[in-house]
Amino acid sequence: MATCNNCGEVGARVRSRWKGSAQLPDECPHCAPQSFEKFTLPSDKKIWMGYEAHPNEYVQSEDGGFDRKPEYRAEQEAKLALPAADDAEAQARAEQAKRSTRRTEPMTASETLAALGKARVLAQAMESAALEAEREIQQAELDSWVAKASQA
């Protein structure tokens with residue numbers, strides 16, 4: 001622990017300043033809180049506003065609010081432009097999987113026949129589903145006409 005020579009406060013966050021060979025008054029969170037960023041523990045569950053958490057990165061605006069300094073804004077926007085670590089890892093895994101499983105040779109005759117057989121089965125299933133849907137539509141139209149005719 002250090003002692004602030006300016007106010008006498010004992011703490012871990014004391015900043016000694018020098019200008020050339022002359023020592024300026026010490027700063028600590030007690031006597032110069034504006035010079036220090038807020039320190040929070042991981043167990044601190046409070047959500048801090050940006051200007052509260054990083055007071056040195058904001059300036060007070062004319063309307064009484066707080067605006068980010070241009071260099072801080074540029075730094076944050078540069079970070080946002082970079083891909084997230086999770087996205088980069090997922091992209092790398094997908095590329096590796098693609099490289100390890102991609103086809104490098106043309107299909108053989110038996111593979112072609114097997115693929116055509118699967119496609120034929122899928123096409124027949126889609127065709128029968130479409131025919132069934134068309135029958136249901138026609139039946140619904142017929143039922144609608146019958147209901148209207150019975151009301152008349």
Residue pairs within 6 Å by beta carbon, gap of at least six or interchain, first lying in the stretch 22-35 and within 17 Å of Y58 (Cα to Cα), second among the acidic types (D, E) and not in a loop (DSSP other than H, G, I, E, B), listed first then second, are S35/E27
Pairing a residue in the stretch 65-79 that is in the same structural domain as H54 (by TED's automatic domain parsing) and without any contact (Cβ under 8 Å) to a residue 60 or more places away in the chain with any residue that is of a type in the set (D, E) and in a helix (DSSP H, G or I), where Cβ atoms lie under 8 Å and the two sit 6 or more apart in sequence or on different chains, gives R68/E57; K69/E57; Y72/E57
Of the candidates S100, S110, the one satisfying the condition of being among the small types (G, A, S) and either surrounded by 11 or more Cβ atoms within 10 Å (Cβ to Cβ) or at pLDDT below 95 (or both) is S100
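So that you can scan it fast, the table gives a plain yes or no per residue for (1) of a type in the set (S, T, Y); (2) surrounded by 10 or more Cβ atoms within 10 Å (Cβ to Cβ):
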| site | (1), (2) |
| --- | --- |
| S16 | yes, yes |
| A22 | no, no |
| H30 | no, yes |
| S35 | yes, yes |
| Y51 | yes, yes |
| S61 | yes, no |
| P70 | no, no |
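The values are calculated or read from the model by the stated rules, or taken from the named source; none is laboratory data. Given the structure is predicted, the values throughout are model-derived calculations rather than measurements. Neighbour counts run over all protein chains shown; Cβ positions are idealised from the backbone, glycine included.
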